[in-house]
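Below is one structure, written out as structure tokens; the observations come after it.
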């Protein structure tokens with residue numbers, strides 16, 4: 001028997017008087033707040049320098065670095081408000097089913113019809129009874145729909161109220177640009193859903209980099225080619241990006257006051273994640289009526305968390321144009337569950353979570369084919385597509401058809417090759433009683449990469465960016481989870497060669513070892529990779545005083561054996577950045593009896609000789625197919641990364 005939640009508004013809220021009473025109380029509270037805000041908006045205009053309410057952050061006993069200074073410059077207290085969170089499953093708009101009416105899916109699975117005019121819209125009947133019209137419309141709806149409409153009106157009223165405010169912030173970055181448009185810095189909550197959408201829509205490294213490309217282009221960044229000269233391209237005051245292999249990207253802005261030898265404020269992370277990649281020949285013989293897929297683990301994938309998950313397939317496909325003969329790259333994503341790795345029921349007496357063979361027992365099933373039952377052959381042979389000797393002939397026919405159909409490919413033999421991988425199709429979601437968490441796959445490390453790119457976009461819109469004397473740069477690399485050994489990885493020359501070409505383009509005398517060395521000496525790197533948040537069920541696994549919490553702030557990671565770049569100087573510098581920008585830092589270090597992971601920091605720092613620190617956003621369940629971070633953490637990451645890019649030039653002057 002399922003025990004119902006008496007406070008839930010999903011489903012039929014009228015099944016008990018308690019539910020109905022609670023629902024009506026919530027609706028009344030919403031309407032009261034809407035009326036109050038509307039009255040304030042009509043009676044007075046916002047004062048000059050008014051500020052948006054700043055979301056409260058936990059200040060419980062989490063390990064922090066340094067005091068929060070500049071208290072005299074902080075924004076004055078403001079009136080707080082607590083809008084109820086939207087329901088997890090709001091109505092979904094459908095096509096009109098009757099003339100002048102639209103249908104909506106309700107949370108209880110039923111479909112209802114509503115009149116087309118928006119609830120609360122200003123309509124006059126000559127008697128000034130707009131409020132009565134709204135009331136009558138509300139009475140015609142279910143409590144579930146009334147709540148949704150009230151919440152929508154509340155959000156619209158808040159939007160109208162905040163749009164009237166003209167921010168004149170003090171030096172604190174927490175209020176700087178909160179009401180800006182486009183890519184300007186926003187409050188942390190504003191980044192929660194966009195980050196979830198990014199994770200859901202871009203499951204592979206190729207999709208993620210393509211997403212970054214689109215955002216950068218829309219923000220006025222110009223794409224450079226590694227195969228062309230930059231001498232006539234890169235100018236002071238410009239915004240640029242360059243990609244390698246479609247899986248790594250470096251974006252940068254050049255300040256209007258830049259001079260040869262000045263430093264580069266860098267943030268570097270990785271955008272790859274644990275996955276299972278299709279083998280070059282992924283076609284397998286039908287086994288007991290199951291069509292299976294040959295895959296190989298990338299890093300630590302195919303662990304126990306990958307069993308019994310709904311897996312999709314995505315990546316890039318190389319297609320040859322039959323007319324021009326050119327090879328084109330297309331991204332593909334089969335977003336519905338395609339594959340599954342089934343566990344063995346415990347009734348068989350074999351423990352599933354012992355040592356399982358990744359080659360023979362972690363083979364995904366992608367379909368059924370029982371035609372061998374009626375075959376005269378002792379062994380059923382799969383049919384192939386594309387003709388003998390073609391790439392398509394080495395892949396499962398059903399998969400070839402699905403990929404070709406998704407990309408509108410008529411000739412299977414035109415598929416030259418592909419790089420496809422499995423991913424969890426469950427979308428990223430906000431969870432927790434107060435929406436404090438993000439539950440998602442691929443958080444490691446699309447989280448820091450996404451926040452860093454957003455920070456660069458926000459920094460590039462600041463009014464002071466044209467006066468900067470430095471280069472601001474963000475690099476996201478591939479292959480970190482397997483050692484960064486490939487050319488698109490951090491151990492390649494991608495970052496070093498990019499900085500060398502920037503200095504060469506901006507130097508009147510061309511590049512030289514002297515100028516490049518001077519640039520490196522004046523530069524600083526934040527190696528941004530996710531780190532471990534404290535797990536309440538395993539407190540003994542964490543070092544005392546080094547247990548980061550979610551929704552608090554960036555975590556500085558230290559390691560005595562050189563797995564991290566953090567030292568006293570770099571820690572002091574980032575702490576000063578945090579002080580100037582009203583950010584909070586936490587500390588993490590692994591126990592002596594545990595092994596430490598690695599980041600791109602040491603390899604990049606040692607190759608260029610730049611000062612560096614390892615600092616990332618905390619998460620739970622690292623290397624699981626589905627992990628957890630705080631709902632504020634993406635926004636807090638954007639905030640401090642932007643703070644670093646904006647203030648490094650001045651802070652660095654304190655350390656000369």
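No lab work stands behind these numbers, since they all come straight from the coordinates. Bear in mind that the values here come from a model prediction, so they are computed numbers and not experimental data. A quick note on method: Cβ atoms are made from the backbone with ideal geometry, for glycine too, and the neighbour counts reach across all protein chains shown.
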How do the peptides 576-586, 450-460, 219-229 rank, highest first, by the average count of neighbouring beta carbon atoms within 10 Å per residue?
450-460, 576-586, 219-229
For residue 218 and residue 466, compute 0.36 nm times the residue count separating them, minus their Cα-Cα distance, and round to one decimal in nm.
87.4 nm
Return the distance in nm (one decimal) between the two label points of a simple spin-label model at residue 544 and residue 343, each offset 7 Å from Cα along Cα→Cβ.
3.7 nm
Centre separation in Å (Cα based) which lies between the range 391-457 and the range 223-302
15 Å
So how do 400-407, 624-631, 538-545 stack up, highest first, on mean other-Cβ count within 10 Å?
624-631, 400-407, 538-545
Obtain the nm distance between the two label points defined at residue 487 and residue 650 by a simple spin-label model: each point lies 7 Å from its Cα along the Cα-to-C-beta direction.
4.3 nm
Compute the distance in nm between two label points, each set 7 Å from the Cα along the Cα-to-Cβ direction, one at residue 227 and one at residue 514.
3.7 nm
Using just the C-alpha positions of the range 275-424 as equal point scatterers, what log10 of I(q)/I(0) does the Debye formula give at each q in 0.11, 0.13 1/Å?
-0.47, -0.64
Quote the Stokes-Einstein diffusion coefficient, in whole µm² s⁻¹, for the range 567-636, based on the Kirkwood radius over alpha carbon pairs, a temperature of 25 °C and a viscosity of 0.890 mPa s.
169 µm²/s
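Using 0.36 nm times the number of residues separating residue 236 and residue 388, minus their current alpha carbon distance, what extension gain do you get?
On the way: separation 152, 0.36 × 152 = 54.72 nm, distance 5.50 nm.
Length gained between residue 236 and residue 388: 49.2 nm.
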Largest first, please: the extent of the C-alpha atoms of the range 429-586 along each principal axis, to the nearest Å.
60, 39, 33
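For the range 430-521, compute Rg over Rh where Rg is the Cα radius of gyration and Rh is the Kirkwood radius from the inverse mean 1/r over Cα pairs.
1.10
Mean separation of Cα pairs under 8 Å and 6+ residues apart, divided by the residue count of the range 239-313: what relative contact order is that in percent?
Values: 60 pairs, mean separation 15.7, N = 75.
That works out to 21 percent.
Take peptides 516-522, 323-329, 265-271, 367-373 and line them up by average Cβ neighbours within 10 Å, highest first, as a rough protection proxy.
Result, highest mean first: 265-271, 516-522, 367-373, 323-329.
If each residue of separation counts as 0.36 nm, what is the full-extension length gain between residue 331 and residue 407 once their alpha-carbon separation is subtracted?
On the way: separation 76, 0.36 × 76 = 27.36 nm, distance 0.85 nm.
That pair, residue 331 and residue 407, stretches by 26.5 nm at full extension.
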